Every structure is written in C-alpha cells, then in structure tokens.
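Undergrad: Just dropping this structure here.
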Ligand SMILES: [Zn+2]
C-alpha cells in the first residue's frame, strides 16, 4: 500500500497494487494516471452509479477457495445493456472478473498478443491461431467505456469505444478487447455463483 494525494482535489488516496495504471479519486472522480511517483490527470468523469451486484470496490472474500480483494471496476455500455469488469488481487496475482447479467467469468491468465489488424476482420464462428493455440470466436461486439472506479490495470478512458470478443480455446474462455491502440487477451473460466464468497467490505 502506498499513500498518495489526489493531484486534482488534494484528497488522500491509497494505491494497493503495484501493477495499477490508473487510480480514480473517490472524492472528486478524477482519473489519475500512475507514473512512478507522479499522478497525472487523465480526465474527470461522473461517478459510476451503484447497481445490484455481489461485488463492490474494496470488498474481499474467496473465489474457488482462494482469496481475493477488489481493487476497482470498469463499466461498459453496449446494445444489450451494461457489463462490468472487476479488477482483483487474486491469490497473490492479478485477475479480472466479468459480470454480465448474473454470469461471472474469471480471467487470470494473460495470453500472447497479436496485431489488431489480424483480429479486426474476424467474425463470430471463425477460428484463428494465437501462437500454437486454436481459438474460436463465439461473439464479437462493440462497447463504450462508461466509467471506472478504484484502481485499474487495464485502462481505457470513459467514452472510448472498444471491440470485445468472446472466444474459446482448449476448453477455456478467451476474452479479447481492443481499442484503436491497445489489445489485451486473457484466458479464464466461468464461475458459478457458489464459487464466490464475499466476506468483507471496506
Ligand atoms: Zn480528487
């Protein structure tokens, strides 16, 4: 844990994870880029509205018997509504958990990346190779970042459009997300609600 001061409003802030790229000030809503000892203002956005969820930023508990704590959350808007990505300290490493209308997927393994130009033309139902692994695309869509809170280690500014792909490879779920500049590919597994125990909050 590291104590900081919000560059915008002067509020005391804490950084819990050394991999976090952005910290959202709880008090004024400013998104601050973490660059060594410097916090640079990336923008000020409205706070995310509360909504019913098992989770909240600052909550902790266990997933599949391993401990987690929630560092932050990024919310996306798409044609079908909203989905959230919760950023976790999970079993001593980083992970994120997607929550979409009561379904939960835990992504904890960063996969080899590819050029966005290779992914862009692909459609649902098609296969491609990621290194040695064959990946099948199940769904591809567009979403817009609605906002964030807490600490984020995958960061896109609110208002930015991204493409998301749900895919499968060797029995695992694969999530691909890319904006104009950045791409992230993770593999993970679906969770049942009973796999998740939330035991504490802040
Ligand atoms: Zn602030």
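Undergrad: Of 110, 32, 88, which is the most mobile in a GNM of the chain whose springs link Cα atoms less than 10 angstrom apart?
TA: Fluctuation is largest for 110.
Undergrad: Continuing with the same structure: Once the cut-off is 29 Å, how many percent of the Cα-Cα pairs in the chain end up in the long-distance tail? Write out the running numbers ahead of the final one.
TA: Details: 4760 of 20301 pairs.
In whole percent, the long-distance tail amounts to 23.
Undergrad: If you average the sequence gap of Cα pairs under 8 Å that are 6 or more apart and divide by the length of the chain, what percent do you get for the contact order?
TA: Values: 462 pairs, mean separation 42.9, N = 202.
Dividing the mean separation by the residue count of the chain yields 21 percent.
Undergrad: Just how many % of Cα pairs in the stretch 118-202 lie over 18 Å apart, if you round to the nearest whole percent? Don't jump to the answer; show the numbers that get you there.
TA: Details: 1918 of 3570 pairs.
Everything past 18 Å amounts to 54 percent.
Undergrad: Still on this model: For the stretch 22-134, compute the orientation-averaged projected area of the C-alpha convex hull (one quarter of its surface), in nm². Could you put the intermediate results ahead of the total?
TA: On the way: hull surface 40.6 nm².
Approximately 10.1 nm², given one-decimal rounding.
Undergrad: Here is a follow-up. Fully extended, how many nm does the chain gain between residue 53 and residue 112 (0.36 nm per residue separation, minus their Cα-Cα distance)?
TA: Numbers: separation 59, 0.36 × 59 = 21.24 nm, distance 3.14 nm.
Extra length available between residue 53 and residue 112 comes to 18.1 nm.
Undergrad: Which of these, 46, 158, 121, has the largest mean-square fluctuation under a Gaussian network model of the chain (Cα springs below 10 Å)?
TA: 121
Undergrad: Taking only Cα atoms and a 10 Å spring cutoff, compute GNM fluctuations for the chain and point out the largest among 174, 135, 145.
TA: 135
Just so you know, all these numbers are worked out from the coordinates, no wet-lab data involved. From a predicted model like this one, the values you see are computed outputs, not experimental measurements.
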